Amino acid sequence: MKTSDIIKVGACTLNRAFGYNPKVSLRLIEETGSIEALFRLSERKRDDLLGPFSRFQGLLSDDEFFRSEKELEELSGQGIQFVAYGEADFPSALAECPDSPTGLYVRSVSPLSDIFNSGPYISIVGTRDVSFYGQEWTRKIVFTLAQAQHKPTIVSGLAFGVDIMAHRAALEAGLRTIAVIPTGPEDIYPNAHRRYAEQIAGTPGCALVTDFPPGTGAQAATFLRRNRIIAGLSSATIVVESKRKGGSLITAHTAFDYGRDVWALPGRIDDVRSAGCNSLLREKVAEPIADVEALPDALGLGTYNRRRKAELEEEVRDRYSGSTDADTLEKLCRIAVCIKLNRGICVEELAEQLGIDYVQTATLVGTLETGGFIVTDLMQRCMILVRS
């Protein structure tokens, strides 16, 4: 077997055996020098490394190795990729973590090199029970980052609330996004977000990522393990809203332990949804987001281009505020900004990204075209005419 195949199959075997005890895998790799060297040893010598009384005896057997080989072959046929610890395309920030997984399963239309070598990566997490305040600020933060000099990839967990809003806002703003899921690569959780998951997997540069083998269902322990991947992939973690206890707080503390930057959105002291963020700020784990326009520079993304979105939105509001209702006006602004950030996007893609009915999207696109804000070609691809 080729060296590259031994590394992938060996990493898959280690991950399945010690996924909840990743430091065991890393110690074995350190002891033998590499994944390849570990699995070129005899089965007996592998067991000797674990020790005669280890509860892990037999988990690195030849049968387990061949099981991993078959698993990866089957997943490859389903379009699911696998990247091993130590390979060039394994995310470098995650590899630096003391409890890094030995492999990741990836669903994407892009090659691994386009997904994990195109940073920076910023994770945005928060409560499932998100308030209107949290919804508004999730979108503001993502759209502000989209107008920075260096475009980040938004990382989150596909969960209800802040997570899914961060993913959807990233797609809407033309940013890449990675959803780290708490199940095997063939599954989606929650099922209610399957449409968004498929959209992420089908968008170039975006991906669904997990370190759980096929057949793993969502349970309490898988969410905790998933959170460390979110924190480890990212150079910084932003917590929008969190109760006093919750997964986003665990992600934030994990990121802090990894030596990564943590930011939190302050909230009212009597708001239970902000209690977690306020405690992160009080404990000096996180920095406060006091000026969202200064955030890109603080995150190392360069300066914020205020004019790129604000002037267009202002012009659209000025034109239509007296002739349409508030809901329609808001949709006109969202469509205009989305087109500006995604030149050449078609009407069908607009409708999907924004979650607006196709017929209504087409009608509003026609309104913006009649108003001289955009132009569409024969393929229904949309481009802004307003100068920025």
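The values are calculated or read from the model by the stated rules, or taken from the named source; none is laboratory data. Keep in mind that what you see is a predicted model, and the values were worked out from it rather than measured. FYI the Cβ positions are ideal-geometry reconstructions off the backbone, even for glycines, and counts take in every protein chain you see. Quick note on the areas: whole protein, heavy atoms, side chains included, nothing else; ligands and nucleic acids left out. Shrake-Rupley method; radii C 1.70, N 1.55, O 1.52, S 1.80 Å.
The conditions of being surrounded by fewer than 19 Cβ atoms within 10 Å (Cβ to Cβ), more than 11 Å from the chain's Cα centre (by Cα) and not charged (D, E, K, R) are met by ALA220.
Taken over the range 131-158, the criterion of being open to solvent by less than 10 Å² (accessible area, probe 1.4 Å) and not in a helix (DSSP H, G or I) is satisfied by GLN147, ALA148, PRO152, THR153, ILE154, VAL155, SER156, GLY157, LEU158.
Which residue is most open to solvent (accessible area, probe 1.4 Å), if the candidates are limited to the range 228-241 and must be of a type outside the set (A, V, I, L, M) and touching a strand residue (DSSP E or B) at 6+ places or on another chain (Cβ under 8 Å)? So the residue we want is SER235.
Within the range 274-306, how many residues turn out to be surrounded by fewer than 12 Cβ atoms within 10 Å (Cβ to Cβ) and of a type outside the set (A, V, I, L, M)? Here the count works out to 5.
Tell me, yes or no, whether the range 252-272 has at least one residue that is modelled with pLDDT under 95, open to solvent by less than 50 Å² (accessible area, probe 1.4 Å) and not in a loop (DSSP other than H, G, I, E, B). Within the range 252-272 (the criterion being modelled with pLDDT under 95, open to solvent by less than 50 Å² (accessible area, probe 1.4 Å) and not in a loop (DSSP other than H, G, I, E, B)), the answer is no, since none of the residues qualifies. Listed by first and then second residue, the pairs with beta-carbon distance under 8 Å, at least 6 apart or on different chains, first residue in the range 189-205 and on the phi > 0 side of the Ramachandran plot and part of a loop (DSSP other than H, G, I, E, B), second basic (Lys, Arg) and crowded, with 18+ Cβ neighbours inside 10 Å, are GLY205/ARG176. Of the listed requirements (1) farther than 30 Å from THR370 by Cα; (2) in contact with a Leu (Cβ under 9 Å, 6 or more places away or on another chain), ILE335 misses just one: (1).
Taken together, SER118, SER100 contain a single residue that is under 15 Å from the mean Cα position of the chain (by Cα) and in a loop (DSSP other than H, G, I, E, B), which is SER118.
To keep it simple, each residue is scored yes or no on (1) free of Cβ contacts under 8 Å to residues at least 60 places away in the same chain; (2) surrounded by 22 or more Cβ atoms within 10 Å (Cβ to Cβ); (3) in a loop (DSSP other than H, G, I, E, B).
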site	(1), (2), (3)
ASP47	yes, no, no
PRO52	yes, no, yes
PHE56	yes, no, yes
LEU59	yes, no, yes
GLU69	no, no, no
LEU75	no, no, no
GLU87	no, no, yes
VAL106	no, yes, no
SER123	no, yes, no
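Within the range 11-45, restricting attention to residues that are in contact with a Ser or Thr (Cβ under 8 Å, 6 or more places away or on another chain) and of a type outside the set (A, V, I, L, M, F, W, C), the residue that is surrounded by the fewest Cβ atoms within 10 Å (Cβ to Cβ) is GLU43.
Among the residues of the range 281-317, those identified as in contact (Cβ under 8 Å) with a residue 60 or more places away in the chain and aliphatic (A, V, I, L, M) are ILE289, VAL292, LEU295, LEU299, LEU301, LEU312.
For first residues located in the range 318-333 and in a loop (DSSP other than H, G, I, E, B), partners that are open to solvent by 30 Å² or more (accessible area, probe 1.4 Å) and lie 6+ apart or on another chain with Cβ distances below 9 Å form the pairs THR324/THR367.
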